[in-house]
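Here the structure comes first, spelled out in structure tokens, and everything after it is commentary.
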Amino acid sequence: MITIENEELIKAVLALKKINFSSVVSGITMQEYGILKAIDEYKGESVCVSYVTNCVDDLPQAVSRSLKNMEKENLIVRSISAEDRRFNNLQLTEEGRRKLSESRRILEEIVMEALEDFNDERTRELAVLLNQLRESFQAAIKRRR
């Protein structure tokens, strides 16, 4: 049964999803930001496409489209894996590293501004609750697939 509290929670979650960070984050989408971040975690090493797809938690087709666009924008380089030619490896270009750094800085500024009325304890508590909520949503959606 959906209660008023549940309705408000659904409304809040959907409203968060609609926030258009891309309009201020260096001309890249949030998915592209997530992809750049996932590749960067390997600090210069090549990363396989399936790892990136798992990190951004999206459909392989959607990630593939983003990767093609990012390759055209010179943010990433794809290469065929030496170990297994069926797989592609990904690396950031200098432009990709610059875009990631700039985007991180802008997102940090936005988050700091949005949370300026929160003390450190409330900010940590919010982060924990949001992560728990994300994990719960992912589990519920996975059970329905």
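The values are calculated or read from the model by the stated rules, or taken from the named source; none is laboratory data. Every value quoted in this text rests on a predicted model; they were computed, and no experiment measured them. Glycine also receives a Cβ, built like all others from the backbone with ideal geometry; neighbour counts cover every protein chain displayed.
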Q | Residues of the range 42-76 that turn out to be of a type in the set (S, T, N, Q), more than 19 Å from Ser22 (Cβ to Cβ) and part of a loop (DSSP other than H, G, I, E, B), as a count | A | 1
Q. Which members of the range 3-39 meet the condition of being in a loop (DSSP other than H, G, I, E, B), surrounded by 12 or more Cβ atoms within 10 Å (Cβ to Cβ) and not aliphatic (A, V, I, L, M)?
A. Ser26, Gly27, Thr29
Q. Taking the stated definitions as given, is Ala82 loosely packed, with under 12 Cβ neighbours inside 10 Å, among the small types (Gly, Ala, Ser), more than 18 Å from the chain's Cα centre (by Cα) and not in a loop (DSSP other than H, G, I, E, B)?
A. no
Q. Any idea which of (1) closer than 28 Å to Leu16 by Cβ; (2) of a type in the set (A, V, I, L, M, F, W, C); (3) assigned to a loop (DSSP other than H, G, I, E, B) is the one Leu126 doesn't satisfy?
A. (3)
Q: Taking the options Arg65, Arg104, Arg124, name whichever one is farther than 16 Å from Gly34 by Cα and either surrounded by fewer than 12 Cβ atoms within 10 Å (Cβ to Cβ) or charged (D, E, K, R) (or both).
A: Arg124
Q: Check the range 15-28 and report whether any residue there is among the charged types (D, E, K, R), at pLDDT 80 or above and within 27 Å of Leu129 (Cα to Cα).
A: no
Q) If you check Tyr42 against the conditions, is it surrounded by 13 or more Cβ atoms within 10 Å (Cβ to Cβ), more than 24 Å from Arg145 (Cβ to Cβ), at pLDDT below 95 and not β-branched (Val, Ile, Thr)? A) yes
**Q.** Residue among Glu102, Glu113, Glu95, Glu125 that alone is without any contact (Cβ under 8 Å) to a residue 24 or more places away in the chain, of a type in the set (D, E, K, R) and under 18 Å from Met30 (Cα atoms)
**A.** Glu95
Q. Looking at Glu32, Glu135, Glu109, which one is closer than 20 Å to Lys17 by Cβ, acidic (Asp, Glu) and at pLDDT 90 or above?
A. Glu32
Q: Go through (1) assigned to a helix (DSSP H, G or I); (2) surrounded by 10 or more Cβ atoms within 10 Å (Cβ to Cβ); (3) out of contact with any Phe, Trp or Tyr (no Cβ under 7 Å at 6 or more places or on another chain); (4) not basic (Lys, Arg) and name the single condition Ala140 misses.
A: (2)
